[in-house]
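Report on the structure given below.
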Amino acid sequence: MSTEPTPSKPLAVNETMKINSRHLRGNIASDIADTSTGNITEESNQLSKFHGLYMQDNRDLRNALKKEGKEKAFAFMCRVRLAGGKATAKQWLVLDKLADDIASPSLRLTTRQTFQFHGVVKGNIKKLIKGMHQALLDSIAACGDVNRNVMAPPNPERSEILEQVYKHAADWSNYALPKTRAYHEIFLDEELVAGGEPEVEPMYGDTYLPRKFKTGFAIPPSNDVDVFSQDLGYIAIVENGKLAGYNVTVGGGLGMSHGNAETFPRLADILGFIPAEKVNEVGEAVLTTQRDFGDRTNRKHARLKYTIQDRGIEWFRGEVQKRITFKLEEPRPFHFTTIEDPFGWHECTDGTWFYGLHILSGRIKDTPGWPMKTALREIAEIHEGDFRLTPSQNVTISGVSPSKKVEISAILEKHGLSHENDRSGLRLNALSCVALPTCGLALAESERDLPSILSKFENVLDEAGLRDDAISLRITGCPNGCCRPYLAEIGFVGKAPGKYALYLGAKYNGTRLNRLFSPSISIDDAVTTLTPIIKRYAKERQQGEGFGDFCDRAILPADATFHSVGTPKAA
Ligand code: SRM
Ligand code: SF4
């Protein structure tokens, strides 16, 4: 491994932690076994992330528990590893039951196409992981400074191309897994690796990556995975009906901190075109370049986007080229038009059907009059195909035979859920992050307030005659950007309770970031401010002009900046 660059500043604390952890073991096992507290040490918390676990506490209960002199209501969030968001019906049933038995009991579909459990108390975490293991699922590398859950298009067809791209995504996901047996030892009681051959991490090395690393695969014309927000992206190039290869993108990432101009969202650059069979080779070259040159002194500057921003894409391309056995080619043309999931029933070329079901914020639970968890369980009980979780927190029930199509429709009908897709264009495109009460970083509400925020905007859209227009609104509880708000036509980013930074003007297809419109605004004031803009858009928009395009052209002052760097040239 290259030793470049020698940091002049001290290494970030996590670096020492990683190197001393014996490949991500640390004291996690003894911390979990300690019954004197529901918490684990900060070091174990940091290391647990590599195993897909975050220690959290229920923030709604903090004050009351403090008054009673009790410790916080600690519990783990557990994120499943699920390349391309693909789960079998049997796996769905296992996760559903685990959520009921030992978690919150809702299941949460994430913006990277997987499931999260919340509220798993320490004493139950091994039970949860063993339960997932029975269904051939795990949470390895779902968080931490490694290649995270790999995204891939779940829709729209069970076509040859889709299957090939899914396979490449799943292969890369497996290829880039850490090799340590720590997870199996700690959570599955596998025999300790001790005294034998020392473990090696051939690709990561002992300190893994400087920071998280994310990969997504897209098949144009859909940019459902927001490929330019990924550290590493593969855009499928289809020529004469066949997968010719991929345009590779590098250096996307969205997280920033309010008031820190050195942190910013960045769209990826295009590295070049590669043949399809070179996905892992080029992925390893990109990942190891970041391993060797990423900033290990400052975690706020440690993502690949900063390495590329600081050193330039030409330098990065040269470094990757040195590490691969073939020549990167010029990028090939591609065109993205949408990010929206196809909702409702669609027939596929192989004679099966799929059903795209809208689930606001991906929260699967039962509430009075909305028994979504029960309905999906009943569907899983009879379903012969699989479930595909989408990057927009929705679900696709795929591989449905004509007879099962009738049965699935009947289940949705029985539970009053057959009109979930008959929502406004705004609602169907809306995303929110989890935020309160579980996210320790939330500065404002997100998921819990989304329904009422949408209702307020829907009234305005109704008046403007825009109810069915696809407009993307995304809200997060803090600037980390977990539902990719900087790629939304209307982006709300939490600043403080009830206050958000408002961003406008992204391109609907995910190829242009939005820009700051108001640094701090309440939702009600934002509705008032945006009402005349929405009405003007309805009257003045040009042919095919999206709301984001209109704001970019006619509303945002020319000097309204967002640290918007890295513009995908061929998009
Ligand atoms: Fe995220 C941290 C939830 C997608 C950028 N994210 C967190 C944590 C774990 C909070 C924490 O560190 O304590 C949140 C847990 C909340 C909870 O209670 O569940 C959290 N992130 C989520 C999810 C569940 C949001 C959702 O509502 O779906 C998404 C899980 C994805 C998955 O399945 O792997 C999620 N997070 C994202 C995305 C979007 C994406 O990857 O497509 C981003 C922006 C893209 C990016 O990474 O640049 C994102 N999350 C962050 C960041 C900022 C990273 C940065 O470079 O600055 C943090 C904070 C951090 O890492 O320090 C963060
Ligand atoms: Fe938490 Fe912020 Fe991510 Fe929302 S955007 S889940 S508040 S870290």
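Read-outs: derived from the displayed coordinates by stated rules, not from any lab. Quantities reported herein were computed from a predicted structural model and do not represent experimental measurements. No Cβ is skipped: glycine too gets one built from the backbone with ideal geometry, and neighbour counts run over all protein chains shown.
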Query raised in the report: Given the C-alpha centroids of segment 9-55 and segment 259-328, what is the distance between them in whole angstrom?
Result: 28
Query - Charge-dipole axis of segment 342-426 as Lys and Arg at +1 and Asp and Glu at -1 on Cβ define it, positive-most pick from Met372, Gly344, Ile411 - result: Met372
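For segment 433-538, count the residues as N, evaluate 2.2 N^0.38 Å, and divide the Cα radius of gyration by that value, please. List each step's numbers first, then the result.
Working: Rg = 13.0 Å, N = 106, 2.2 N^0.38 = 12.9 Å.
Here the answer is 1.01, to two decimals.
In whole Å, what three semi-axes, largest first, describe the equivalent ellipsoid of segment 1-122 built from its Cα gyration tensor (square root of 5 times each eigenvalue)?
Values: eigenvalues 166, 112, 35 Å².
For segment 1-122, the ellipsoid semi-axes come out as 29, 24, 13 Å.
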Requested in this report: Among Leu441, Leu287, rank each residue by its count of other Cβ atoms within 10 Å, from fewest to most, as a rough exposure measure.
Outcome: Leu441, Leu287
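Give me the compactness ratio for segment 74-162, meaning the Cα radius of gyration over 2.2 N^0.38 Å. Walk me through the numbers on the way to the answer.
Working: Rg = 13.5 Å, N = 89, 2.2 N^0.38 = 12.1 Å.
After normalising by residue count via 2.2 N^0.38 Å, the value is 1.11.
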Query - Normalised per residue, the volume of the convex hull around the Cα set of segment 293-343 (Å³) - result: 170
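Can you give the helix-only mean residue ellipticity at 222 nm for the chain, where every DSSP H stretch with n ≥ 4 adds -39500 (n - 2.57) and the sum goes over all residues, rounded to the nearest 500 deg cm²/dmol? Let's see the in-between values first.
Values: 17 runs with 172 residues, N = 571.
After summing the helix terms and dividing by the residues of the chain, the value is -9000 deg cm²/dmol.
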Report summary line: Between the residues Asn480, Phe517, Ile490, the Cα farthest towards the positive end of the dipole of segment 421-571, that dipole coming from +1 and -1 charges on the beta-carbon of Lys, Arg, Asp and Glu, is from Asn480
Report task. Any chance you could check the Cα centroid distance between segment 442-488 and segment 394-431 for me, in angstrom? Result -> 22
Query - Cα-based equivalent ellipsoid of segment 373-469: semi-axis lengths in Å, sorted from largest, via gyration tensor - result: 29, 20, 11
**Report entry** When each of Lys18/Lys322; Lys86/Lys212; Lys365/Lys499; Lys179/Lys242 is checked by Cα-Cα distance, pairs over 24 Å
**Finding:** Lys18/Lys322; Lys365/Lys499; Lys179/Lys242
Query raised in the report: Bin by bin, in steps of 5 Å, what percent of the Cα pairs in segment 279-366 do you find, going until the bin that has the longest distance?
Result: 3, 10, 14, 12, 11, 10, 12, 12, 12, 5, 1
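For segment 291-360, with only Lys/Arg (+1) and Asp/Glu (-1) charged at the beta-carbon, what is the dipole magnitude about the Cα centre, in debye rounded to 20? Before the final figure, lay out the partial values.
Working: 12 positive and 11 negative charges, 148 e Å.
For segment 291-360, the charge dipole is close to 700 debye.
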Query raised in the report: Binning every alpha carbon pair distance of segment 338-395 at 10 Å from zero, what are the percents per bin?
Result: 20, 51, 26, 3
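For the chain, what is the percent of antiparallel DSSP beta bridges, rounded to the nearest 5?
Details: 57 of 71 bridges.
Antiparallel bridges: around 80 percent, rounded to the nearest 5.
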Query raised in the report: Of Tyr500, Val250, Ile308, which is farthest along the charge dipole of the chain in the positive direction, counting Lys and Arg as +1 and Asp and Glu as -1 at C-beta?
Result: Tyr500
Query - Bins of 10 Å from zero: percent of alpha-carbon pairs in the chain - result: 3, 17, 28, 29, 17, 4, 0, 0
Query raised in the report: In vacuo Debye scattering of segment 200-328, one point per C-alpha: log10 I(q)/I(0) at q = 0.10, 0.13 Å⁻¹?
Result: -0.31, -0.52
Query - GluC sites (Glu not before Pro) lying in DSSP loop within segment 20-91, provided at most 14 other Cβ fall within 10 Å - result: Glu68, Glu71
Query raised in the report: For segment 519-549 and segment 93-163, what is the separation of their Cα centres, given in Å?
Result: 37
Report summary line: Toy charge model, Lys and Arg Cβ at +1, Asp and Glu Cβ at -1: segment 271-312 dipole around Cα centroid in debye, rounded to 20, equals 340
**Report entry** Only Lys, Arg (+1) and Asp, Glu (-1) charged, at Cβ; the chain dipole about Cα centre in debye
**Finding:** 1020
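Please return the longest stretch of the chain lacking exposed loop sites, where trypsin sites (Lys or Arg not before Pro) count only if DSSP places them in a loop and at most 12 other Cβ atoms lie within 10 Å. Could the numbers behind the result be given before it?
Details: sites that count: Lys70, Lys179, Lys327, Lys569.
Here the longest segment lacking exposed loop sites spans 328-568.
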